[in-house]
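This report concerns only the one structure given below.
The values are calculated or read from the model by the stated rules, or taken from the named source; none is laboratory data. Note that this is a predicted model, so its numbers are computed, not measured. Note that we place each Cβ from the backbone using ideal geometry, even for glycine, and neighbour counts take in every protein chain shown. These accessible areas exclude ligands, DNA and RNA; they are computed on the full protein's heavy atoms, side chains included. Shrake-Rupley method; radii C 1.70, N 1.55, O 1.52, S 1.80 Å.
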Amino acid sequence: MSVTPSLISSLRSYSLLGTKVVTPRSVVLQRRLLSTSYVPATKAALPSSANDVVPKTPASEIVSSFYTAINVNDLASARDLIAQDCVYEDLIFSSPFVGRTAILDFFGKFIDATSTDMQFVIDDISKEDSSAVGVSWHLGELPELTQWKGKRFPFSKSCSFYRLEVIDGKKQIVYVRDCVEPAIKPGESVIAAVKGVAWLLRKFPQIADRF
């Protein structure tokens with residue numbers, strides 16, 4: 001026997017008059033099973049993009065790998081560690097190197113200008129942050145090299161700052177600032193120079209635009 005709309009309507013009207021409509025026990029059990037077995041999907045289980053998944057490789061390891069690649073003249077490996085629009089600011093140059101190609105071209109020239117004995121030696125590197133790394137380093141020899149007689153290259157101490165971001169599922173270097181030891185060390189005369197520059201900037205602030 002089919003259930004027609006009129007029959008459903010009459011049953012509803014009948015229940016409103018005070019007569020209880022009994023739901024079969026099998027239907028009640030099925031409803032309980034469905035309610036306990038159903039688990040709604042959560043948003044956290046479905047990443048919206050590849051950038052939501054943070055690679056487990058520590059930032060300090062990526063920066064160390066960058067120095068290692070330069071030391072062994074492996075620019076191909078260094079390329080994968082640098083973002084396409086990375087900015088490399090070396091403070092001994094008047095302007096930063098912008099973009100992966102410009103940065104690798106600079107290091108290619110650096111490698112050509114130095115001997116294979118000269119290496120970037122990391123003195124200390126921070127490991128606490130997953131997106132920023134501080135490094136102190138110098139140019140010198142590695143333990144297995146002897147040409148430099150255990151000496152570091154003059155005026156080569158430096159502190160560098162690296163910032164990394166996750167791009168297309170990979171953690172890459174997006175910004176670098178190098179503060180290299182100056183060859184000329186004016187000492188306390190810097191204080192007099194800073195005082196003079198500060199006076200000029202107070203009088204003529206537009207001068208700052210020339211630097």
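So in segment 68-77, with the set limited to residues that are assigned to a helix (DSSP H, G or I) and within 13 Å of Gln119 (Cα to Cα), which one is modelled with the lowest pLDDT?
Among residues in segment 68-77 that are assigned to a helix (DSSP H, G or I) and within 13 Å of Gln119 (Cα to Cα), the one modelled with the lowest pLDDT is Asn71.
Please go through segment 45-67 and give me each residue that is modelled with pLDDT of 55 or more and acidic (Asp, Glu), ordered by number.
Scanning segment 45-67 gives a single hit, Glu61.
Picking from Lys157, Lys171, which residue would you name as being surrounded by 15 or more Cβ atoms within 10 Å (Cβ to Cβ) and touching a Pro at 6+ places or on another chain (Cβ under 6 Å)?
Selected residue: Lys171, the only one of Lys157, Lys171 that is surrounded by 15 or more Cβ atoms within 10 Å (Cβ to Cβ) and touching a Pro at 6+ places or on another chain (Cβ under 6 Å).
Name the residues in segment 178-211 that are charged (D, E, K, R) and either open to solvent by 100 Å² or more (accessible area, probe 1.4 Å) or touching a Lys or Arg at 6+ places or on another chain (Cβ under 9 Å) (or both), would you?
Across segment 178-211, the qualifying residues are Glu181, Lys185, Glu188, Lys195, Arg202, Lys203, Asp209, Arg210.
Can you give me the number of residues within segment 78-134 that are in a loop (DSSP other than H, G, I, E, B), over 20 Å from Ile167 (Cα atoms) and open to solvent by 40 Å² or more (accessible area, probe 1.4 Å)?
Looking only at that region, the number is 10.
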